[in-house]
1. Looking only at the range B:75-110, which residues are part of a strand (DSSP E or B), β-branched (Val, Ile, Thr) and more than 13 Å from chain A (Cβ to nearest Cβ)?
2. Does at least one position in the range A:35-44 carry a residue that is over 26 Å from A:Thr113 (Cβ atoms), in contact with a Gly (Cβ under 8 Å, 6 or more places away or on another chain) and either buried (at least 19 other Cβ atoms within 10 Å of the Cβ) or at pLDDT 95 or above (or both)?
3. Kindly indicate the residue of the range A:82-109 that is among the β-branched types (Val, Ile, Thr) and either loosely packed, with under 14 Cβ neighbours inside 10 Å or out of contact with any Phe, Trp or Tyr (no Cβ under 6 Å at 6 or more places or on another chain) (or both) and also farthest from A:Leu26 (Cα to Cα) among those meeting that condition.
4. Residues of the range A:34-72 being outside any strand (DSSP E or B), basic (Lys, Arg) and more than 10 Å from every other protein chain (Cβ to nearest Cβ), which ones?
5. Inspect the range A:18-33 for any residue being part of a strand (DSSP E or B), among the aliphatic types (A, V, I, L, M) and either within 21 Å of B:Lys49 (Cα to Cα) or touching a Lys or Arg at 6+ places or on another chain (Cβ under 8 Å) (or both) and give the result as yes or no.
6. Take the residues in the range A:7-34 that are surrounded by fewer than 14 Cβ atoms within 10 Å (Cβ to Cβ) and hydrophobic (A, V, I, L, M, F, W, C); name whichever of them is nearest to B:Asp98 (Cα to Cα).
7. Inspect the range A:4-22 for any residue being within 12 Å of another protein chain (Cβ to nearest Cβ) and more than 18 Å from A:Ser90 (Cβ to Cβ) and give the result as yes or no.
8. Based on this model, can you work out whether B:Gln38 counts as under 13 Å from the mean Cα position of the chain (by Cα), surrounded by 18 or more Cβ atoms within 10 Å (Cβ to Cβ) and at pLDDT below 95?
Amino acid sequence: GAVVSQHPSRVICKSGTSVKIECRSLDFQATTMFWYRQFPKKSLMLMATSNEGSKATYEQGVEKDKFLINHASLTLSTLTVTSAHPEDSSFYICSAVKAGTNEQFFGPGTRLTVL
Amino acid sequence: GNSVTQMEGPVTLSEEAFLTINCTYTATGYPSLFWYVQYPGEGLQLLLKATKADDKGSNKGFEATYRKETTSFHLEKGSVQVSDSAVYFCALRREDTDKLIFGTGTRLQVFP
């Protein structure tokens, strides 16, 4: 149990377009999900905390209008990169906290390449 | 503030060698400590954890002991395998939040 999926696993898009990434907890409910960005050969940078039914909380320096987060249900959070540019190319990873616990499970990541 | 410091890699070892990856932390209170592993092209997997001082986390031959006196959580394995090649992240979680704070990661390369 405790599987988190992300879709798509890879996406290539043109500069100026928007891309939506889904994060799903497949066999548990998650009141909280986190979105991270991982730069090459570097650690994970927490972008935002997504809480079901409320607005996401963004970390300092992360543009909320650029990275739209929606946590519509207890099993789904989405990250939309709006008007993507090459500098947004990165590996985006989500995690989900199992409801009633503080156990956090990670998705496999989404590789975004903006041309 | 809260932070995690890991030794820089890459760490390059021959198969069956002994592994140590150092991790120290700065935090108020009594955080929980974690080691995550990331295989190429994949997300993070929890390797082991410890929630209080002197606890030892272990999994797949890896071990780490929560040392409050030295604020450390070093990862060790007695005999590494080629399949252990990955990036290892040390992380902490404060008592009052679900947020994880990660170190910069240490790449381990094991050669036959």
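1. Of everything in the range B:75-110, just one residue is part of a strand (DSSP E or B), β-branched (Val, Ile, Thr) and more than 13 Å from chain A (Cβ to nearest Cβ), namely B:Val110.
2. Looking through the range A:35-44, none of the residues is over 26 Å from A:Thr113 (Cβ atoms), in contact with a Gly (Cβ under 8 Å, 6 or more places away or on another chain) and either buried (at least 19 other Cβ atoms within 10 Å of the Cβ) or at pLDDT 95 or above (or both).
3. Checked the range A:82-109; the qualifying residue farthest from A:Leu26 (Cα to Cα) is A:Thr82.
4. Correct list: A:Lys55, A:Lys64, A:Lys66.
5. Looking through the range A:18-33, at least one residue is part of a strand (DSSP E or B), among the aliphatic types (A, V, I, L, M) and either within 21 Å of B:Lys49 (Cα to Cα) or touching a Lys or Arg at 6+ places or on another chain (Cβ under 8 Å) (or both).
6. So the residue we want is A:Leu26.
7. Yes, the range A:4-22 has at least one match.
8. yes
The values are calculated or read from the model by the stated rules, or taken from the named source; none is laboratory data. Nothing here was measured: the structure is a model prediction, and the numbers come from that model. Quick reminder, even Gly has a Cβ in these numbers, built from the backbone with ideal geometry, and neighbours come from all protein chains shown.
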